[in-house]
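Novice: Please find one structure pasted underneath; my questions will follow.
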C-alpha cells in the first residue's frame, strides 16, 4: 500500500509587530509610600534605581484584567478581529493559579476562542521569548496572527521589608499583535539561558515549603543585585550586539532602544556599553511604572511610540533578561 | 604584568573617579568604599568590571562583597596579577 504524503503548513515569509496595547496598574505609588518598612528614602531609591513611582493594581484588579485591557487595545489598533487570532501567548510569573493558564482565560474574554492559548515562564525575558515564538508560528503557518502579552501583578509578590527588589516592582500588561508582513519586521532572535545563576533572582522560598509552614510568609521575590547587575549589563550587552549583527544593522540604525526596565542604572550603563548614539530614543518607562517583569518591554514600547509617534516604522532593539537566568533579544520594526 | 600597590591604587582611584566623581586623591589606603567614599553596590560593581579590564584580573561575584576597603581591592588585584 502506498503511504500518502502528509500536508505541511507554510506561512508568511515575513512577520512584524502590527500593533501594541498597554494597561498599567490603577494606583500610582510614589517612593515615599514604601520607604518606611525598608528604612530608606525617596532619594535612596531614586539614586540606586531611577524609580520615582511605580504603578500598582488595586486588590480587585488581577494580572489577567490588565492583560485583557492591553489586548483589547492592541486588537483595536491592529484593526483585526479577535477571531483572526490563532494563538494567544502570555508571558507571566504572576498568574493566580499554577493551572489553567492566564492565556486561556484572556483568549476567552477577548473573543479569540478557539485560539491556541498558553503561558510561558521566562520572567523578565518572557515577552521577547513570546515574540520569538509568535514570529516562528506565523512563518510556519501555525497561526496568521498571534497575540503576545506580558502581564504581571508583581505587587502580590513584593515583600514590604525587602531591600533587594520589592521596592522596584510594579503592575501592568503590554500586548502586541504579530502577523504577516511584506518585508522583515522581526530579526533573528538571540536567546538563551544561564541556569548556573538559577538562584541569582527569584522567589525567596518554594511554594510547597510556604504551604507547609503555616506560620511562615507567602513566597516573594528577591535578588542578588550585584550579580544581576553585572550580568544584565556586560553579558546582555554582548547579546544585544549579537542581535544587531544577526539583523545586519548597527546601533546607529536604531530608532529606539527598549531594554527590559529592570533598573535605570542598568539601562544607562547598558546603553553606554552598547555605544547607543544620542539619536536613539532610550526607553526609560521604569521611572514612573517600576519594574513590571514580562510586561516591561511592551509597556515601554507603547510609551516610546506615544511620546515619539514619528518613530513608527523605525527599528527598535528589544531585549528581555531575568530570572533563570534567561534572555532574548530581537530587532523589530516599530508598529 | 604585576604592578606595585601604588600603581594599582592610582589606577583604581581613577576608575572610582570616573564612575562616581569622588576625587581620586580621596581614594587612599584605609578608606572604606561604602562608609568613607559613599560608593553604592551598583557603582562598586561597575568599578570592579572596569578594574578587571584595566588590571587584567578576574574578580568573581562572590569576591566583590569582600572588597570593603581600598586596601582589600588593591591587595586582591596585586595578588591576582602575580
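Just so it is clear, none of the values below were taken in a lab; they were calculated from the coordinates. The structure presented is a predicted model; accordingly, all values stated were derived computationally and were not measured. Cβ coordinates were reconstructed from backbone atoms using ideal geometry, including for glycine residues, and neighbour counts include every protein chain displayed.
Novice: Go through region B:31-47 and give me each residue that's over 19 Å from residue A:264 (Cα atoms) and buried (at least 21 other Cβ atoms within 10 Å of the Cβ).
Specialist: If the condition is that a residue be over 19 Å from residue A:264 (Cα atoms) and buried (at least 21 other Cβ atoms within 10 Å of the Cβ), then B:33 is the only one that fits.
Novice: For residue B:62, are the conditions met, namely being in a loop (DSSP other than H, G, I, E, B) and surrounded by fewer than 16 Cβ atoms within 10 Å (Cβ to Cβ)? Walk me through how you get there before you give the answer.
Specialist: Working: in a loop (DSSP other than H, G, I, E, B): no; surrounded by fewer than 16 Cβ atoms within 10 Å (Cβ to Cβ): yes.
It is false that residue B:62 is in a loop (DSSP other than H, G, I, E, B) and surrounded by fewer than 16 Cβ atoms within 10 Å (Cβ to Cβ).
Novice: Same structure again: Having 3 or more residues that are over 25 Å from residue A:277 (Cβ atoms) is the bar; report the helices (runs of 4 or more DSSP H) wholly within region A:154-261 that clear it. First the steps, then the outcome.
Specialist: On the way: elements: A:207-212, A:225-230, A:236-247.
The helices (runs of 4 or more DSSP H) meeting that bar are A:207-212, A:225-230.
Novice: Go over the candidates B:53, B:19 one by one and state the one that is within 12 Å of chain A (Cβ to nearest Cβ) and either in contact with a helix residue (DSSP H, G or I) (Cβ under 9 Å, 6 or more places away or on another chain) or more than 28 Å from residue A:164 (Cβ to Cβ) (or both). Steps first, please.
Specialist: Values: B:53 fails: either in contact with a helix residue (DSSP H, G or I) (Cβ under 9 Å, 6 or more places away or on another chain) or more than 28 Å from residue A:164 (Cβ to Cβ) (or both).
So the residue among B:53, B:19 that is within 12 Å of chain A (Cβ to nearest Cβ) and either in contact with a helix residue (DSSP H, G or I) (Cβ under 9 Å, 6 or more places away or on another chain) or more than 28 Å from residue A:164 (Cβ to Cβ) (or both) is B:19.
Novice: Does residue A:117 satisfy the criteria of being in a loop (DSSP other than H, G, I, E, B), in contact with a helix residue (DSSP H, G or I) (Cβ under 6 Å, 6 or more places away or on another chain) and touching a residue at least 24 places away in the same chain (Cβ under 8 Å)? Steps first, please.
Specialist: Details: in a loop (DSSP other than H, G, I, E, B): no; in contact with a helix residue (DSSP H, G or I) (Cβ under 6 Å, 6 or more places away or on another chain): yes; touching a residue at least 24 places away in the same chain (Cβ under 8 Å): yes.
No, not satisfied.
Novice: A further question on this structure: So which residues in region A:42-73 are surrounded by fewer than 20 Cβ atoms within 10 Å (Cβ to Cβ), within 14 Å of chain B (Cβ to nearest Cβ) and touching a helix residue (DSSP H, G or I) at 6+ places or on another chain (Cβ under 8 Å), if there are any at all?
Specialist: Listed by number, the residues that qualify are A:46, A:50.
Novice: Kindly indicate which of A:105, A:98, A:66 is more than 17 Å from the chain's Cα centre (by Cα) and in a helix (DSSP H, G or I).
Specialist: Working: A:98 fails: in a helix (DSSP H, G or I); A:66 fails: more than 17 Å from the chain's Cα centre (by Cα).
That would be A:105, the only listed residue that is more than 17 Å from the chain's Cα centre (by Cα) and in a helix (DSSP H, G or I).
Novice: What is the one condition in (1) in a helix (DSSP H, G or I); (2) over 13 Å from residue A:152 (Cα atoms); (3) touching a strand residue (DSSP E or B) at 6+ places or on another chain (Cβ under 9 Å) that residue A:13 does not satisfy?
Specialist: Unmet condition: (1).
Novice: Is it true that some residue in region B:65-74 is in contact with a helix residue (DSSP H, G or I) (Cβ under 6 Å, 6 or more places away or on another chain), within 11 Å of chain A (Cβ to nearest Cβ) and not in a loop (DSSP other than H, G, I, E, B)?
Specialist: Taking every residue of region B:65-74 in turn, none turns out to be in contact with a helix residue (DSSP H, G or I) (Cβ under 6 Å, 6 or more places away or on another chain), within 11 Å of chain A (Cβ to nearest Cβ) and not in a loop (DSSP other than H, G, I, E, B).
Novice: Here is a follow-up. Would you be able to say whether some residue in region B:29-50 is away from chain A (no Cβ under 12 Å), under 29 Å from residue A:199 (Cα atoms), free of Cβ contacts under 8 Å to residues at least 12 places away in the same chain and outside any loop (DSSP other than H, G, I, E, B)? Walk me through it before giving the result.
Specialist: Within region B:29-50, the first condition is being away from chain A (no Cβ under 12 Å), and the residues that meet it are B:29-37.
Filter once more, so that each one left must be under 29 Å from residue A:199 (Cα atoms): B:32-35.
Next, only the ones that are free of Cβ contacts under 8 Å to residues at least 12 places away in the same chain stay: B:35.
Within this subset, residues satisfying the condition of being outside any loop (DSSP other than H, G, I, E, B) are none.
No, that holds for no residue.
Novice: Further, regarding this structure: Just name the residue that is surrounded by the most Cβ atoms within 10 Å (Cβ to Cβ) out of those in region A:320-335 that are over 18 Å from residue A:165 (Cβ atoms) and within 12 Å of the chain's Cα centre (by Cα).
Specialist: Step by step, filter region A:320-335, then rank; the result is A:329.
Novice: Can you give me the number of residues within region A:200-244 that are within 14 Å of chain B (Cβ to nearest Cβ) and more than 17 Å from residue A:169 (Cβ to Cβ)? Walk me through how you get there before you give the answer.
Specialist: Taking region A:200-244 as the starting set, the residues that turn out to be within 14 Å of chain B (Cβ to nearest Cβ) are A:200-201, A:223-238.
Among the residues that remain, those that are also more than 17 Å from residue A:169 (Cβ to Cβ) are: A:226-227, A:230-231, A:233-238.
Looking only at that region, the number is 10.
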